[in-house]
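Presented below is the structure to which this report refers.
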């Protein structure tokens with residue numbers, strides 16, 4: 001089986017001449033379809049840069065990123081936008097909901113942009129809203145609902161188009177532990193039942209313990225990779241804490 | 001580092017941010033200085049006989065202009081201050097006292113004010129020269145004036161703008177003292193509520209506008225509404241209703257329409273329609289006041305401009321209508337240069353007193369043969385053959401609403417004779433001065449009619465509008481009594497043009513200023529919103545909306561914001577001009593349409609600029 005995401009020797013440098021800063025160097029890995037992958041590392045390690053590069057919001061300095069059978073390096077700006085629309089879903093830490101739209105309309109938006117017929121839109125929105133338990137909130141505006149509800153709305157928006165690959169950037173960063181658990185369980189369910197491929201950046205070990213595999217980044221390089229295998233979530237959580245302690249610097253971020 | 005040098009460096013380094021603000025200041029000063037220079041320019045205006053009229057007009061207009069400039073400057077200043085709030089917050093966070101920040105901004109404003117004043121006056125000087133030439137041309141004078149720098153204008157402009165800058169600086173102080181540091185930390189802004197449509201307000205707004213339009217388009221002289229509220233009260237009532245209706249239109253009807261559009265999911269759930277409609281809905285209520293003001297201003301500008309331009313356009317036609325001969329006077333012929341003369345006829349007519357059941361008037365009785373001869377000379381095809389006892393009436397001042405139509409009635413003379421009026425023409429062959437309304441009878445009846453004989457001279461000339469010299473030559477040879485009854489096409493045309501031309505100039509000048517100001521107000525407003533919306537478009541880009549689609553939705557949204565007040569303004573003014581053209585019974589369709597097109601075109605330029613800047617701002621977010 002060919003991997004869904006293939007990253008080869010990706011490097012990202014900022015600045016010019018003597019003032020260059022290497023955010024990512026020599027990163028290579030693969031993600032299979034239906035995987036739930038976490039990316040961890042201390043602040044400034046390059047997690048978000050990696051995600052932005054993978055999500056086509058930023059471009060790598062060198063190296064290749066192949067999603068499905070599309071090589072992103074050869075695409076132009078407008079093509080990349082279309083590619084994002086058709087293949088990728090995003091969940092951000094600060095939700096990024098549009099406050100002039102209702103919850104329903106926020107979820108409708110990516111479908112409308114993809115020119116899905118109205119009837120089909122309605123069915124899809126109902127389904128995803130039920131999945132995330134926000135069916136009753138559909139006609140409310142973002143300012144009327146809580147943070148957890150906002151993040152579930154944002155997740156519904158990211159998933160409603162059934163994207164090939166979902167990127168989540170610290171999705172639980174602004175949530176209390178109850179809301180965070182609810183969200184992560186929903187994502188995990190979705191990953192199990194629908195074989196959605198999710199890639200999540202987090203520095204929270206608890207959130208990371210929902211993943212099947214975790215990549216650790218340190219100073220812009222992949223430093224370690226661990227698999228959950230047959231462990232329970234709690235056992236995996238302990239393993240993650242150990243790795244973080246070994247890497248150092250991350251421990252303060254954990255709790 | 002002194003505060004002054006900090007202020008100066010601030011400006012130097014952020015020139016692009018300041019550019020818009022300085023440009024709008026310079027613009028205001030250029031406009032005002034130009035206007036005042038023209039007002040004070042005695043040399044040129046004093047030599048004209050209408051200078052007093054123009055001066056009065058200009059003084060009045062400069063007050064209107066000033067009022068407008070104050071509004072405009074307040075707008076651009078508040079836009080500018082909003083942009084700088086973050087900077088102020090930063091200084092405050094670093095522990096600079098508010099007093100000091102205020103002083104710094106005050107210095108800054110002083111520097112900006114001084115720079116714009118100098119720039120504005122220099123530019124204004126050149127502009128006034130150009131505009132004066134246009135004014136002279138429009139008025140039909142052939143005077144070439146050399147423009148001298150007017151110290152009065154300089155003093156006037158400097159004083160007024162120094163005062164205005166003081167005012168805007170104080171506005172800046174107010175912003176600083178009202179500003180709370182906590183505002184800086186309110187990263188997540190409380191969402192504004194999405195407006196709900198009020199059906200009653202929407203219906204009321206539509207009804208007010210409909211009634212206003214109905215009244216304006218009703219016949220002024222027969223309508224019951226006009227009779228009830230009188231000729232003075234009705235326009236005031238109509239204006240009041242239109243203003244209220246316009247506000248409700250933007251406040252409620254717009255919300256109603258947009259909500260309906262949003263609910264029509266088969267349309268709104270397609271591409272970015274949802275974003276466009278929601279953004280408009282989100283903003284429209286806050287903008288209702290500005291949009292109404294702009295619509296009303298546009299309506300005023302288009303109406304005034306269209307009316308004046310219509311009069312200017314009709315100046316020649318109305319002169320020719322009243323004066324079919326180039327020159328005409330009572331009495332004997334005089335000697336004058338015969339170059340360009342097409343015909344020079346002497347007529348014997350009779351002066352009649354006619355009674356009818358309403359009142360009596362003096363009329364001129366004209367022989368059928370004279371009529372036919374003159375008609376031929378003037379290039380009219382119609383030849384009259386009138387039966388005994390009948391007559392054809394020539395009345396150029398006929399207006400079906402006030403004048404009595406005599407067709408088919410008996411015309412009784414004071415001496416008991418009477419004529420049957422066969423036909424009535426609204427075109428004459430004799431000038432209204434001195435002939436008045438003319439009765440044409442056949443030669444036999446003319447000879448038999450007992451009335452005072454009068455001799456009249458009619459002259460037709462080629463290139464008649466340019467025959468000023470001959471007009472004067474003839475005029476000077478006439479007696480005082482004759483001079484009163486002397487009519488001359490070139491003289492009447494020049495008089496008309498001098499009045500209407502200066503009106504047109506002042507009208508278009510003010511119109512241009514209003515246009516520029518309304519355009520700039522929308523520009524500032526839209527750009528302020530663009531800065532607030534920047535993150536939204538960044539989200540859209542992340543979701544996968546490409547640049548082209550974003551540009552399209554931006555262009556659409558801005559188009560609605562621009563065209564809504566323009567369309568409302570044009571419709572308002574169309575109805576106002578309808579009433580105007582009725583009142584003066586002039587056909588002004590063509591000039592009015594030309595005027596509206598010109599207005600919309602300049603407006604369109606603003607639109608393009610706004611969309612470009614909007615797009616640039618939201619692209620910065622990505």
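Yes or no, residue by residue, for (1) touching a helix residue (DSSP H, G or I) at 6+ places or on another chain (Cβ under 7 Å); (2) part of a loop (DSSP other than H, G, I, E, B):
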site	(1), (2)
A:119	no, no
A:124	yes, no
A:128	yes, no
A:150	yes, no
A:157	yes, no
A:172	yes, yes
A:188	no, no
A:203	yes, yes
The condition of being assigned to a strand (DSSP E or B), in contact (Cβ under 8 Å) with a residue 24 or more places away in the chain and touching a helix residue (DSSP H, G or I) at 6+ places or on another chain (Cβ under 9 Å) holds, among A:214, A:226, only for A:214
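Can you name the helices (runs of 4 or more DSSP H) wholly within segment B:219-326 that have at least 3 residues being out of contact with any strand residue (DSSP E or B) (no Cβ under 9 Å at 6 or more places or on another chain), closer than 25 Å to residue B:520 by Cα and more than 14 Å from chain A (Cβ to nearest Cβ)?
Working: elements: B:224-248, B:254-263, B:265-268, B:273-322.
Counting at least 3 such residues, we get B:224-248, B:273-322.
Counting just the residues of segment A:129-161 that are surrounded by fewer than 19 Cβ atoms within 10 Å (Cβ to Cβ) and over 22 Å from residue B:195 (Cβ atoms), which one comes out nearest to the other protein chains (Cβ to nearest Cβ)? If you could, list the steps in order and put the result at the bottom.
Residues of segment A:129-161 surrounded by fewer than 19 Cβ atoms within 10 Å (Cβ to Cβ): A:130, A:133, A:135-136, A:138-140, A:143-147.
Pick out the ones that are also over 22 Å from residue B:195 (Cβ atoms) and you get A:130, A:133, A:135-136, A:146-147.
Numbers: A:130: 19, A:133: 22, A:135: 18, A:136: 19, A:146: 13, A:147: 10 Å.
Here the answer is A:147.
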Enumeration of residues in segment B:442-452 that are at pLDDT below 85 and under 19 Å from residue B:408 (Cα atoms):
B:445
Counting only residues that are more than 11 Å from chain B (Cβ to nearest Cβ) and over 23 Å from residue B:277 (Cβ atoms), segment A:92-127 contains a total of 2
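Every residue, every condition in (1) within 14 Å of another protein chain (Cβ to nearest Cβ); (2) surrounded by 20 or more Cβ atoms within 10 Å (Cβ to Cβ); (3) out of contact with any helix residue (DSSP H, G or I) (no Cβ under 8 Å at 6 or more places or on another chain), yes or no:
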| site | (1), (2), (3) |
| --- | --- |
| B:495 | no, no, yes |
| B:499 | no, no, no |
| B:503 | no, yes, no |
| B:509 | no, yes, no |
| B:514 | no, yes, no |
| B:526 | no, yes, no |
| B:534 | yes, no, no |
| B:540 | yes, yes, no |
Being more than 14 Å from chain A (Cβ to nearest Cβ), surrounded by fewer than 23 Cβ atoms within 10 Å (Cβ to Cβ), over 15 Å from residue B:272 (Cβ atoms) and modelled with pLDDT of 90 or more: is that true of residue B:560 here?
no
Condition (residue is buried (at least 21 other Cβ atoms within 10 Å of the Cβ), within 13 Å of chain B (Cβ to nearest Cβ), free of Cβ contacts under 8 Å to residues at least 40 places away in the same chain and touching a helix residue (DSSP H, G or I) at 6+ places or on another chain (Cβ under 9 Å)) applied to segment A:48-62: is it met by at least one residue?
yes
Among the numbered criteria (1) within 27 Å of residue B:284 (Cβ to Cβ); (2) modelled with pLDDT under 90; (3) touching a helix residue (DSSP H, G or I) at 6+ places or on another chain (Cβ under 6 Å); (4) surrounded by 15 or more Cβ atoms within 10 Å (Cβ to Cβ), which single criterion is violated by residue B:577?
(1)
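Suppose we filter segment A:1-42 for residues that are under 17 Å from the mean Cα position of the chain (by Cα), in a loop (DSSP other than H, G, I, E, B) and closer than 21 Å to residue A:247 by Cβ; how many remain? Break it down into steps so the answer makes sense when it comes.
Pass one, segment A:1-42, residues under 17 Å from the mean Cα position of the chain (by Cα): A:4-7, A:29-41.
Keeping just the survivors that are in a loop (DSSP other than H, G, I, E, B) gives A:4, A:32-35, A:41.
Filter once more, keeping what is closer than 21 Å to residue A:247 by Cβ: A:41.
Here the count works out to 1.
When only residues in segment B:458-477 that are surrounded by 21 or more Cβ atoms within 10 Å (Cβ to Cβ) and in contact with a strand residue (DSSP E or B) (Cβ under 8 Å, 6 or more places away or on another chain) count, which is nearest to residue B:366 (Cα to Cα)?
Once the filter is applied, the top-ranked residue is B:458.
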Quick one: is residue B:617 at negative phi and within 28 Å of the chain's Cα centre (by Cα)?
no
Hey, residue B:139 hits all of (1) under 25 Å from the mean Cα position of the chain (by Cα); (2) surrounded by 20 or more Cβ atoms within 10 Å (Cβ to Cβ); (3) at pLDDT 75 or above but one; which does it fall short on?
(3)
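Restricting attention to segment A:30-38, does a residue exist that is more than 25 Å from residue B:543 (Cβ to Cβ) and more than 14 Å from chain B (Cβ to nearest Cβ)? Walk me through how you get there before you give the answer.
Of segment A:30-38, the ones more than 25 Å from residue B:543 (Cβ to Cβ) are A:30, A:32.
Right, trim to more than 14 Å from chain B (Cβ to nearest Cβ) and you get A:30, A:32.
Checked segment A:30-38: at least one residue is more than 25 Å from residue B:543 (Cβ to Cβ) and more than 14 Å from chain B (Cβ to nearest Cβ).
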Counting only residues in segment A:84-124 that are surrounded by fewer than 19 Cβ atoms within 10 Å (Cβ to Cβ) and in contact with a strand residue (DSSP E or B) (Cβ under 8 Å, 6 or more places away or on another chain), the one nearest to residue A:142 (Cα to Cα) is identified as A:93
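The values are calculated or read from the model by the stated rules, or taken from the named source; none is laboratory data. The shown structure was predicted, so the numbers you read here are calculated from the model rather than taken from an experiment. Virtual Cβ from ideal backbone geometry, glycine too; neighbours counted across all protein chains shown.
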